[in-house]
């Protein structure tokens, strides 16, 4: 059995990391628009591709079915993405 070690608070120095912080309102706006786009894809996969309940047993086959549905969604989006101005 190994005894519990107590860390000396004075000897402990946390690593200093410089994190660049953006204003909160800019992050919230960006996250809302990104979230909407991602939620649209998941909603399409669940409703149109009928992935709300899996038809397969096992995580490998269920993952394969989801990947196939996501690829189909990308193929449907492809013409719109190609005609979009850069």
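A short reminder: the numbers here are calculations on the coordinates, not readings from a lab. The model shown is predicted, which means the values in this text are computed figures rather than measured ones. All Cβ positions, even for glycine, are placed from backbone atoms using ideal geometry, and neighbour counts span all protein chains on display.
Descriptive notes on the structure:
- Inter-label distance, residue 37 to residue 60: 3.4 nm, where each label sits 7 Å from its Cα along the C-beta direction.
- The fraction of all Cα pairs in region 24-83 landing in successive 10 Å bins from 0 to the largest distance is 21, 39, 27, 12, 1, given as whole percents.
- Look at 44, 64 and count the other Cβ atoms within 10 Å of each Cβ; fewest to most, that gives 64, 44.
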